[in-house]
1. Kindly list the number of the only condition in (1) surrounded by fewer than 16 Cβ atoms within 10 Å (Cβ to Cβ); (2) in contact with a Ser or Thr (Cβ under 7 Å, 6 or more places away or on another chain); (3) among the small types (G, A, S) that fails for G36.
2. Run down Y99, Y28, Y74, Y50 and say which single residue is surrounded by 14 or more Cβ atoms within 10 Å (Cβ to Cβ), of a type in the set (S, T, Y) and more than 20 Å from Y10 (Cβ to Cβ).
3. Within the group L79, L65, L106, which residue is more than 25 Å from W128 (Cβ to Cβ), among the hydrophobic types (A, V, I, L, M, F, W, C), surrounded by 12 or more Cβ atoms within 10 Å (Cβ to Cβ) and touching a Phe, Trp or Tyr at 6+ places or on another chain (Cβ under 7 Å)?
4. Applying the selection to the range 86-96, what residues are surrounded by 12 or more Cβ atoms within 10 Å (Cβ to Cβ) and of a type outside the set (S, T, N, Q)?
Amino acid sequence: MTNKANHPLYKRWRFIKDVTGNPRDPNYQSYGGAHGIENHFKDFDEFRKYIERKLGLPVAPKTQLHRKNQQDHYRPGNLVWATNKQVGRNQRDNLYFTYKRKTQCLAAWAEQYGIPYGRAVERVKYGWTIEQVIEIKPSPRDLARMAKKRGAK
């Protein structure tokens, strides 16, 4: 490839390289280097070949290259294409709860049980157990608000 900077994966490669190796990068504290997260691809060509062979280029315009395990490195086997919603549900600062032997973030529980996320957060702040948070159904007012939100999307 004559000009790798024009390749659709190059900006993603630069992001990974900078957040893991450049303490002056504004995202260094949040995404990698400051947490000991490393880039395990030796160069852009190795990265590009891995993505093209194993993951393919992104098919949807709003997908991001994302680490499956946020405690693990940017390395083969730990990268996936993900939507903003998937990325948001896999952040290290999410609240995770286990209910009926299944663990997921509070947003996923709220969505699954039809509870407005803000209400679920309030309930947790007030000391409710996860069972109380998801088993006590939302009020008719909450349900109407959720239906209105869904209609606006």
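1. Among (1) surrounded by fewer than 16 Cβ atoms within 10 Å (Cβ to Cβ); (2) in contact with a Ser or Thr (Cβ under 7 Å, 6 or more places away or on another chain); (3) among the small types (G, A, S), G36 violates only (2).
2. So the residue among Y99, Y28, Y74, Y50 that is surrounded by 14 or more Cβ atoms within 10 Å (Cβ to Cβ), of a type in the set (S, T, Y) and more than 20 Å from Y10 (Cβ to Cβ) is Y99.
3. Matching residue, one of L79, L65, L106: L65.
4. V87, G88, R89, L95, Y96
Read the figures in this text as sums done on the coordinates, not as results from a lab. Here the structure is a predicted model, which is why all the values come from computation and not from measurement. Don't worry about glycine lacking a Cβ; one is built from the backbone with ideal geometry, like all the others, and counts go over all protein chains shown.
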